[in-house]
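Below: the structure, in structure tokens.
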Amino acid sequence: MRVLVVEDERDLAQTLRRALEEEEFAVDLAEDGEEGLFKIRELSYDAVILDLMLPRLDGWGVLQAARGAGIRTPVLVLTARDTIDERVRGLNLGADDYLTKPFALVELVARVRAMIRRVYGNPASTVQLGEITIDTAARQVWRAGTPVELTAREFAILELLTRSRGAVVARSTICEHIYDEDTDVLSNVVDVHVAALRRKLGPDVIRTRRGEGYIVDG
Ligand code: CA
């Protein structure tokens with residue numbers, strides 16, 4: 001999954017990037033509100049972590065413009081002040097969750113994961129696909145009760161396809177969700193990962209739609 005961090009304090013931004021990358025997210029950074037809004041409009045992120053006090057355009061402005069443009073990407077707002085006014089204002093503008101600075105990184109990661117599950121309509125962390133069980137919180141997969149070892153990219157692809165069950169997901173969309181902006185991606189890389197997933201999970205879990213992409217049946 002790919003996350004955008006909009007934060008002008010560089011030390012904090014780098015700390016967040018490292019913590020999220022350790023949890024196998026692809027992470028992009030934006031240093032001000034205008035850059036953040038540009039990236040939110042141009043790229044399909046799974047979640048945005050948005051500081052409120054930002055140069056050029058503050059977090060409220062980013063949120064208002066993104067929601068006004070019909071972009072539904074889940075947004076977790078970081079705020080220095082924890083007041084009811086700020087919470088209400090953020091919720092009215094379309095924030096999905098809140099965290100008050102300073103916060104524990106482990107809580108931030110847990111909240112981002114929970115927000116993504118909630119917004120994409122699967123509040124439980126465990127998903128069943130035939131004989132395959134996926135725990136998106138613990139990042140574990142079982143096939144007929146036996147643990148399956150997946151790489152971070154393989155897990156990310158399986159998670160994305162599962163979230164989009166019943167719909168075809170294009171290779172380009174898969175790339176956007178699993179790689180950050182600094183990674184050069186070979187054109188067949190998704191096919192290579194899917195081939196590995198099929199070896200581990202069985203041939204029928206992920207199906208190919210020729211010329212369109214991949215699908216997990218809903
Ligand atoms: Ca700030």
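The values are calculated or read from the model by the stated rules, or taken from the named source; none is laboratory data. Keep in mind that what you see is a predicted model, and the values were worked out from it rather than measured. Glycine gets a Cβ as well: all are built from the backbone with ideal geometry, and neighbour counts include every protein chain shown. Note: areas computed on protein heavy atoms with side chains; ligands, DNA, RNA excluded. Shrake-Rupley method; radii C 1.70, N 1.55, O 1.52, S 1.80 Å.
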Report summary line: In segment 126-215 the accessible area split gives carbon plus sulfur, as whole percent at 1.4 Å, a share of 49 percent
Query raised in the report: All other residues with a Cβ under 12 Å from the Cβ of Glu107 taken together, and with Lys, Arg as +1 and Asp, Glu as -1, what is their net charge?
Result: +2
Query raised in the report: In deg cm²/dmol and to the nearest 500, what is the mean residue ellipticity at 222 nm of the chain if only DSSP H runs of at least 4 residues count, each as -39500 (n - 2.57), divided by the residue total?
Result: -12500 deg cm²/dmol
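In segment 114-218, which GluC sites (Glu not before Pro) fall in coil by DSSP and have 11 or fewer other Cβ atoms within 10 Å?
On the way: sites: Glu131, Glu149, Glu154, Glu159, Glu176, Glu181, Glu212; in loops: Glu131, Glu149, Glu181, Glu212.
Sites meeting the loop and neighbour criteria: Glu149, Glu212.
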Requested in this report: Measure off, as a whole percent, the carbon and sulfur share of the 1.4 Å-probe accessible area of segment 34-98, all protein chains present.
Outcome: 51 percent
Requested in this report: Please grab the % of Cα pairs in the chain that end up more than 25 Å from each other.
Outcome: 40 percent
Query raised in the report: Tally Lys/Arg at +1 and Asp/Glu at -1 over every other residue whose Cβ is under 15 Å from the Cβ of Leu93; what's the total?
Result: -2
Query raised in the report: With contacts defined as alpha carbon pairs under 8 Å and 6 or more residues apart, what's the relative contact order of the chain in percent?
Result: 17 percent
Query raised in the report: What percentages, rounded to whole numbers, describe P(r) for segment 2-119 computed over all alpha carbon pairs with 10 Å bin width beginning at zero?
Result: 14, 53, 31, 1
Requested in this report: Calculate, for the chain, the solvent-accessible area per residue in square angstrom, rolling a 1.4 angstrom probe over the heavy atoms of the protein chains.
Outcome: 49 Å²
